[in-house]
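The values are calculated or read from the model by the stated rules, or taken from the named source; none is laboratory data. Owing to the predicted nature of the structure, the values given are computational and were not obtained by experimental measurement. Neighbour counts are summed over all protein chains in view; Cβ atoms, including those assigned to glycine, are modelled from backbone coordinates with ideal geometry.
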Amino acid sequence: MALKVEGLRVYYQTLRGDVRALDGASFSVGDGEIMGLAGESGCGKSTLGRSLILLKPPMKYVGGEVLLDGDPLPIWDRERMAPYRYKKVSIIPQQAMNALNPTRKIGRLIRELLEARGVSSRDLLPELKRRLDLVELSHEVLKMYPIELSGGMKQRVVMVISTLLDPSLLIADEVTSALDVSTQKRVAEMLVGFRDHKFVRSMIVITHDISILYQIADSILVMYAGKLAEKGPTEAIVRRPRHPYTQLLISSLPEIGVRHTERRLSGIPGSPPPLLEPPQGCRFRERCPVAFDRCREEPPFEELAPGHLVACWRAHG
Amino acid sequence: MKNEFLYFALRNRKLRLGLSVVLFFLLLTFVGPLLTDYDPWGYIGAPAQPPSAEHWFGTTTFGQDVFSQFVHGLGPAFLVGALGGGLATLIGTAIGFVAGYRGGWIDEILNMLTNIVIVIPTFAVLLIIAAYLEVRSFFIEAVFIGCTAWPWTARAVRAQTLSLRAREFVDLARISGMRASKIVAFEVAPNMMSYLVMVFILQFGGAILNAATLDFIGLGPTTGISLGLMMNYAVLWGALQLGMWWWFVPPGLAIALIVGALYITNVGLDEVFNPKLREK
Amino acid sequence: MVELERVTKVYRVGTFGGRALKAVDEVSFEIADGEVVSLIGESGSGKTTIGRMILRLIPPTSGRILFSGMDISTLKGKALKDYYRSVQGVFQDPFSSYNPIFKADRVFRVVRQEFFPNVEEGEWGKRVEGALRAVGLAPGEVLGKYPHQLSGGQLQRLLIARALLLDIRFLVADEVISMLDASTRIDVLNLLAELKGERGLSILFITHDLALGHYLSDRAVILYRGCVVERGPIDRVFGKPYHPYTRMLLSSVPRLDRKWEEGKVGLKGQQAAPTKGCVYHARCPFPYESCKGERPHLVEVEPGHLVACHRIGETEVGKCRRQG
Amino acid sequence: MKRYLTRKLAIYILTFFLAVTIDWVIPRFMPGDPVQTMLSRANLRAEAVEVMRGYYLKAFGLDVPVWRQYLNFWVAVFHGDLGVSVYLFPKPVSRVIMEAVPYSLALLIPATVLSWIAGNKFGAFAARRKWLDNTLLPVGYLLNATPYMWLGILLAWAFGIALGWFPIAGAYGFDRTPSLSLGFILDFLWHWFLPFASLFLVQFGGWAIGMRNMVIYELEADYSQYLEALGTPRGLIRRYAFRNALLPQITGLALQLGVIVAGSVVTEIVFSYPGIGYLILQAIQNQDYFLIQGCFLFIIIGVLLANLVVDIVYIVVDPRTRRGMMGES
């Protein structure tokens, strides 16, 4: 197991109290696995991603453990976590377009960043160039300022920088969201390429778009309102989802070939519960068409079939 | 919304501190003259006396009561601040709105004007105008200050208007058939109220400092008393050499405290208005 | 109902308007009564600019936009207001569509103030409730709330209700669901479909998402770099696309029913904006020499289905399809 | 970059044009008869009156059309002919000013440059360091709110009178004449220190606070967050933040120039320091209008030149302007 997360709880501190953005997450990601992390806005998926690398206020560590390659990650300690960052865990942030210092040439930025982490930039230069080729960027970008690149180019630069030290775990946070479909496809394929070239051992791809995950992920973890709803192999999640939320979510996605006159799709009525004071029991209960009495108790996140976990009483019953 | 604002406003330490200091001096402006019977210009006592029960802030080289001068000088400071600062805010806001909302060549011209007035040292212009005016009043001083201090406000308001204008609610107002002036007044401006309040506070403080500088070099109002004028006389008539600290400390300290408190109030307001800056 | 005739928009960029940027380049198409047309393109295709020109938020540089045969650029004063009675828009970002310091239902008051100053309070209240119910909102749940207290889906519905108060005949829906969550998206789409069906509303549905376009519309217009490269009935454009760009788009869409093919979509050549020749030639997998020099015109390949590609009309078409 | 600089230059030239016009308009179109008023108000020696009247008539050229007068004024300005000082009769205004300028610059340049550097360093250092930050804020705002002359007066009183460590008037002792001897230089520095310190301190507060706010803003920026997520040591992140925060501070310096000049004028007055500021006070007290006008023009030209220098520095420091990437000023 490359990554093992056990009972992780991370809250957001606000003046009104703690927002329980991530309320107990237990899962693991295997060697060479690309795990997709899906869910709607505010479900806690970005909180989960970020807390694995940089947990800082207003985020608050409440409990849980994280093991990477068998070693515990001190994610609650901002200082002690520093040596693990980049070398062990790395991230492609959501705002990749703004992630580069505007007043440094990209080559120099990379050099200074590597030297600061005690890595010789000279030794890595050939590899850096090889990877720029891989993401279809000319070596000239090293002599340019970020402002001279397009948004997409900046994002690919960030992708190369983030993976340059071959981290064990890469977190890709909404990397494809703002992109056009054609670019989206290439970028998604590049992520897979990073894994195939062993630049990263395993990867968590955070997105709200399940169809992207279907293309590139080995497994998908669906979150709802700060809790894990379902995790399983991609094919199983898309074809045979067991959690009612996953089922409704997937059936609400329009596909090419579907027309409203022929097959009318429908969304999920209602909206997610407030995470400031979340309801007891299953958090999807209010919107769930098959909810019953037992859902007042919290359903366990348990294995149904090998590698397929669901938090739903109906699925277990 | 409103209650939340009030809640944070009352809890904010900087805001409370800043406002109390400003209010204290404002109160003193009104109450102060009642506490003293002395004519600020009258030669009423022994010269160069240190503070005493009779003369709370001592007397000048000529035997004038410093406390009386001080409390009478506070009023003009607030007056020039409110009037000059208000005028600067008004001009700057108007130019910023027009330039930012209309865009095009109007924007180009107003922008050019703003840039020119920004590089002209305000003080030098005030200097030459004041020098040629034989009779000067607080009102004229405030108007001149207001007419030269607006550029940074215009620039900031223009930038904000530009960004608000690009928001979709402005488009929605336009396809509701609303006229441009109405959109600025009812859609754009209300979003900037908090910002404009802060601009006014800064302009207020700036106008007080500007006026004090002019008064100090003898280009202030030709009649009346002001804090800047007190410092002018103190320096001219040897308060320094004679060690008469009670003469020059109060006026400068009052200005520094009032303006400083205004700045602190501003930081406090900024924290109240922008949740991101609130103390954690 | 709405007709675009060789509409062009050139933006001046740079401090003194030094460079010109052609956002929309001689675009012509029309939207018939009761028809939903999808305007599909990636960022920089000019799709939003077209929507804004139809709403008269910006003027075209050249060309005409006709509404019921009338050139909308000539409208002024009352005539313009009447135009807005029939033509309305809903935009991409629901949160930015509301003034954050006012309650959300202020959009209704503005409509009353501007269009129906004579309708009395009670009557107006009934109309608002009617419009809210028509878009599937419970009046009690949304009236009197601030925008941040409502969800994106609710806000977009409110805007559609606002348009309905005006008895509109044509709606410009600019990426209206791209910022909504997947679980509420489809309901807004269904709502638009109902309005078309029940009220005979014409809709210009601007989107970058081909699946959404396909779900809702009757016809599609594919834009690339400000030019129409293909347009026609939706099932023809999606079922039998001719233009290499349309085909590339379709093959790049992530789908849940099949995996991506190993097609190589290059990222290079995306930056340069060609001034002559086919707008797509730098990225086209099978360009001709003539593609560089001459811009292809839209050619009708089957009834109502037009394509702008030099390969069309030649026997190569079939071959080109097989390769793509 | 070329466009950026051209635009700036155009503004400066326009500004200069406007300033000269103001300088010409104000004495002419203020209420009353300027020549008569000036002559009657000025405390002139008898023999000077006639010379002055002749000069006024020539300078104001009241017998030629207005446009001609305006043109003549420009010609005179370009010849450096700004009239004759009344108070230091018969010295030409330009010479009076030139003699005062070195003293003003000796105060202004070091005080401005050093306070800018020190304020920025200190502000960046204090940002996000709780204890320092909590002290910096109130002290900085108070310093920034302090009228320049008052701080000058306080320093003069405390260190000049009460403690007696420094002289509080003049640029050098009465018994000395300017020379390059060590004795004179030490004496000069001794006189220079207090006015310098008072100018320095007020500005220091402003820069420190501005920098503190900018650094905090930069540390919140996406690129800082990204670097932190990659485990970059705080030193490098702060270095980047500092460097990027400097850019708005450079622009801020240009915006502050007018205020700084005003501050140095009153500081010179407090310390009777023989620069332009002290000259202005003398001119006002002696109603020496030509001298006031000359000082006005001189300050404007000085500030415009300083603005140009700041612009060039900005171009050197910000790579984006060099690459022609700046849309707007």
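For the residues B:F30, B:F8, the requirement of being in contact with a helix residue (DSSP H, G or I) (Cβ under 9 Å, 6 or more places away or on another chain), loosely packed, with under 14 Cβ neighbours inside 10 Å, more than 14 Å from chain C (Cβ to nearest Cβ) and not in a loop (DSSP other than H, G, I, E, B) singles out B:F30.
The numbered conditions (1) within 14 Å of chain A (Cβ to nearest Cβ); (2) modelled with pLDDT of 90 or more; (3) surrounded by 18 or more Cβ atoms within 10 Å (Cβ to Cβ) are all true for C:E42 except (2). Within the span defined as segment D:165-183, every residue fails to be among the aromatic types (F, W, Y) and assigned to a helix (DSSP H, G or I).
The criterion of at least 3 residues that are in contact with a Leu (Cβ under 8 Å, 6 or more places away or on another chain) and polar (S, T, N, Q) is met by none of the strands (runs of 3 or more DSSP E) falling completely within segment A:1-104.
Candidates are the residues of segment B:131-160 that are not in a helix (DSSP H, G or I) and not β-branched (V, I, T); the one that is surrounded by the most Cβ atoms within 10 Å (Cβ to Cβ) is B:W150. Checking each residue in segment C:185-216 for being facing chain A (nearest Cβ under 10 Å) and hydroxyl-bearing (S, T, Y) picks out only C:Y215. The number of residues in segment C:72-113 being in a helix (DSSP H, G or I), facing chain B (nearest Cβ under 8 Å) and either touching a residue at least 12 places away in the same chain (Cβ under 8 Å) or touching a His at 6+ places or on another chain (Cβ under 7 Å) (or both) comes to 5. The residue list C:G89, C:G51, C:G63 contains one member that is surrounded by 16 or more Cβ atoms within 10 Å (Cβ to Cβ), modelled with pLDDT of 90 or more and over 18 Å from C:I168 (Cβ atoms), which is C:G63. Scanning segment A:146-177 for residues that are over 18 Å from the mean Cα position of the chain (by Cα) and over 24 Å from D:G231 (Cβ atoms) returns A:I147, A:E148, A:L149, A:S150, A:G151, A:G152, A:M153. Per the conditions (1) out of contact with any helix residue (DSSP H, G or I) (no Cβ under 7 Å at 6 or more places or on another chain); (2) crowded, with 16+ Cβ neighbours inside 10 Å; (3) facing chain D (nearest Cβ under 10 Å), the sole criterion not satisfied by A:L68 is (3).
Among the residues here, B:V188 does not qualify as at the interface with chain D (Cβ under 9 Å from one of its Cβ atoms), within 28 Å of C:F102 (Cα to Cα) and in contact (Cβ under 8 Å) with a residue 24 or more places away in the chain. The set of residues from segment A:260-275 being more than 7 Å from every other protein chain (Cβ to nearest Cβ) and either among the hydroxyl-bearing types (S, T, Y) or surrounded by fewer than 17 Cβ atoms within 10 Å (Cβ to Cβ) (or both) comprises A:T261, A:E262, A:R263, A:P269, A:G270, A:P274. Taken together, D:D133, D:D175 contain a single residue that is farther than 30 Å from D:G54 by Cα, more than 14 Å from every other protein chain (Cβ to nearest Cβ) and surrounded by fewer than 19 Cβ atoms within 10 Å (Cβ to Cβ), which is D:D175.
Please find, among B:A46, B:A77, the residue that is small (G, A, S) and closer than 30 Å to B:N274 by Cβ. That would be B:A77, the only listed residue that is small (G, A, S) and closer than 30 Å to B:N274 by Cβ.
Each residue in segment A:110-127 was checked for being out of contact with any Leu (no Cβ under 6 Å at 6 or more places or on another chain), part of a helix (DSSP H, G or I) and within 13 Å of chain D (Cβ to nearest Cβ), and 6 of them qualify. Filtering segment C:241-254 for residues that are hydrophobic (A, V, I, L, M, F, W, C), under 27 Å from the mean Cα position of the chain (by Cα) and at pLDDT below 85 leaves an empty set. Within segment A:16-28, is even one residue within 14 Å of chain C (Cβ to nearest Cβ) and in contact (Cβ under 8 Å) with a residue 12 or more places away in the chain? Scanning segment A:16-28 turns up at least one residue that is within 14 Å of chain C (Cβ to nearest Cβ) and in contact (Cβ under 8 Å) with a residue 12 or more places away in the chain. Considering segment D:272-294 alone, what residues qualify as being more than 10 Å from chain B (Cβ to nearest Cβ) and either within 18 Å of B:A149 (Cβ to Cβ) or not in a helix (DSSP H, G or I) (or both)? Answer for segment D:272-294, where residues must be more than 10 Å from chain B (Cβ to nearest Cβ) and either within 18 Å of B:A149 (Cβ to Cβ) or not in a helix (DSSP H, G or I) (or both): D:Y273, D:P274, D:G275, D:N286.
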